[in-house]
1. Does any residue of the stretch 162-170 turn out to be closer than 21 Å to R109 by Cα, outside any loop (DSSP other than H, G, I, E, B) and touching a residue at least 40 places away in the same chain (Cβ under 8 Å)?
2. For the stretch 207-236, give me the residue count where each residue is at pLDDT below 85 and either outside any loop (DSSP other than H, G, I, E, B) or of a type in the set (D, E, K, R) (or both).
3. Which one is least open to solvent (accessible area, probe 1.4 Å) among residues in the stretch 446-463 that are more than 16 Å from I398 (Cα to Cα) and in a loop (DSSP other than H, G, I, E, B)?
4. Which of (1) surrounded by 13 or more Cβ atoms within 10 Å (Cβ to Cβ); (2) modelled with pLDDT under 85 does F136 not meet, given it meets every other one?
5. Identify, please: which residue in the stretch 238-258 is at pLDDT 85 or above, closer than 22 Å to I302 by Cα and part of a loop (DSSP other than H, G, I, E, B) and is, among those, most open to solvent (accessible area, probe 1.4 Å)?
6. Kindly indicate whether any position in the stretch 307-330 is out of contact with any helix residue (DSSP H, G or I) (no Cβ under 7 Å at 6 or more places or on another chain), modelled with pLDDT of 80 or more and not β-branched (V, I, T).
7. Looking at the stretch 143-161 only, could you name the residues that are touching a Lys or Arg at 6+ places or on another chain (Cβ under 9 Å) and either assigned to a strand (DSSP E or B) or open to solvent by less than 60 Å² (accessible area, probe 1.4 Å) (or both)?
8. Could you identify the single residue in R36, R114 that is over 27 Å from the mean Cα position of the chain (by Cα), at pLDDT below 80 and either in a helix (DSSP H, G or I) or exposed (fewer than 11 other Cβ atoms within 10 Å of the Cβ) (or both)?
Amino acid sequence: MNPKAGPASVGARLSPRDMSFRKRKRETKPPPVHPRPDGPDLISQLPDSILHSILSLLPIKDPVRTSVLSSRWRHLWKAAPLRLDDDSFNPNNHDPYYACYYHVVSDPRFDSSRKAVFRIFDSHHGPIERLRLSLFYPFQMDRFVKTAVQRGIRELNLVPFDFDRQTYKLPLSLLFCNTLNQLSLQNCRFPDALLPSIFPNLRELRLNCVSLPDDLLPKCASLETLLISTSYEGPPISISSPTLRKLVFGLVSSRAELIIKDAPNLESLMLADVSTFDNEVKVLDAPKLQRLGFINADVRAIQLGRTLIERHKESFPPTYLVNVAPCQMSLLSSVKTLAIKMELFSEKTIPIILKCFPCLENLDIMKYEGNGDDCYLNKGMWEEQGSLSFLDHLKTVIVKGFWGDQCDVELLRYLVVHGKVLQTITLLCSKHITKKFVDIKKRQICIENRASSNLALVFFRDTKENVHFSLWNDMIYY
C-alpha cells in the first residue's frame, strides 16, 4: 500500500459493501414532519355518536371539562350516556369511614360536592347507564332514582347517608324498570307490598344491611346472581328462586341463619365471613350445586340436604358429628369445587367434611392466620381414614397460609400418596421460602411416593394480594 496515495486512490480501494452503505446513507429519507399544533381539529370532525361513546367511558369530571373547548363541545357531554359516581366528588374519598359516618354533616366541603353533583345531573339530558350515590340523604334520593328510571338506567348503586338511622324506601317505579340489570342497595328498604312480578330484567342484586322480603326472589324472573351481607341479628334469611345461579352470603353477626329452601339452578354458593360459633347454614334443595365455600370448620352447623355436620355444644377442642342419609347423596355428589377455612382446633373436622363430597375435583384450604405450631391433630389420623372416594376425582389443591407444621404435612402426605389423578398442589406459604425449606417439606410429604405421575408441587410466597384463590376469580366479592 502506498502511503502517499491521494483521495481518489483511497476511494477506488473501497469494498463493494462500503460503497453500498454510503449509497444507502445518501438515500435515507428525512424524518417525517409532524403536523403543527394549530392544524385541523380531526377529533372534532367525528360524528356525535362516536364522541358520545368516548365521553361515556371517561370519569364524569373529564367530559364536563370538554364543554370549554369550543361551541362544538359545549353541550356534547350532556347527550352522552351518563356514568356518574358521586364518590369522585367526595373530598375524602381516600377515607370512606370519614365520609360515611361522622363528618358529612359538619364538613362544608360535602355540601359543595352535593351541589356539584346536582348541577351535573340536572344539566344532563341523555341516557343514564350507571349511577352510584353515597353522599346524599334518603329524602334526596327520589330526585335521582325516578329520573334515572325514565332515562333507562342499567346499573344503580344506592348508599344513602344514614346518620339519623333512616333508610330510603324504594319507589314503585324502580321495581318495574325494564332496563335495570344490576342493583346494589345499602340502608334501603323495599315497599311493604310487592306485586306478582318485579324487576323484569334484573340479573344481579346486591344487598348490604337490607331486609330481604321472603316473596321477593321468586318474583324476579331473570335474577341470576345474589349478594347479601348482614351485620345484625334477625330472623332466618330464606332463599327461594327458580333462576338463581350464584349466591354470595356474608354472615357477620353473632347469630345468623341462612336457609336455601328451593334453588333448582344454583351452581355456586360462597359463604363469606362465616366465622362465629353461632352461625348456621342450611341447603335443603340445590341439586345443581357445583361450587361451595368457604365452609368454616368452626361454624355451629352446616346442613346439606339431609347431611348434617354439627358441632358438639360443650367440647374443647370442638368435635363434630356427621349424619349422611343415602337418599340425599346426589346433592353432595354434584359439588366439584370446595373451599374450606380451617380455624384453630378444626383439623379433625376436615376429613369429616371431605367424606360428604365423593366427586370433589378442586379443593381450596385457607389456614388459620395464627401460630403455625398450634396443631391438635393426632399423628396418623389421616392414614386411619383409608382411601376416601373423592381421591379418585381430585385434581387440584390450593393451601393458603401453609406453615409446614405437622397438620399441613399429614394432610398433604395423605393427598399425595392416595390422589390417583391429582395434578397440582399449590402452597401459599406464610413464611420466607428457601431451597432448604422446600426440600425438607417435599421429603416429609413423600412426594417421591405420589400416586399420580403428573403431580406438580408448587411453592409460592403468600402476600396480602392473595386474598382469594384462582378457582374463585369469577365469583363476586364485597
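1. First pass over the stretch 162-170, keeping only residues closer than 21 Å to R109 by Cα: 162-164.
Retained after the next criterion (residues that are outside any loop (DSSP other than H, G, I, E, B)): none.
Looking through the stretch 162-170, none of the residues is closer than 21 Å to R109 by Cα, outside any loop (DSSP other than H, G, I, E, B) and touching a residue at least 40 places away in the same chain (Cβ under 8 Å).
2. 4
3. S452
4. Against the list (1) surrounded by 13 or more Cβ atoms within 10 Å (Cβ to Cβ); (2) modelled with pLDDT under 85, F136 comes up short only on (2).
5. Result: R245.
6. Pass one, the stretch 307-330, residues out of contact with any helix residue (DSSP H, G or I) (no Cβ under 7 Å at 6 or more places or on another chain): 308, 310-319, 321, 323-330.
Checking the rest, the ones that are also modelled with pLDDT of 80 or more come to none.
The answer is no; no qualifying residue exists.
7. Our first condition is that a residue be touching a Lys or Arg at 6+ places or on another chain (Cβ under 9 Å); within the stretch 143-161, this holds for 153-159.
Selection gives I153, E155, L156, N157, L158, V159.
8. Working: R114 fails: at pLDDT below 80.
Only one candidate passes the filter, namely R36.
The values are calculated or read from the model by the stated rules, or taken from the named source; none is laboratory data. Given the structure is predicted, the values throughout are model-derived calculations rather than measurements. Every residue, glycine as well, gets a Cβ built from its backbone with ideal geometry; the counts of neighbours run over all protein chains shown. The protein model used for the area step is the full one, side chains on, heavy atoms only, and it has no ligands, DNA or RNA in it. Shrake-Rupley method; radii C 1.70, N 1.55, O 1.52, S 1.80 Å.
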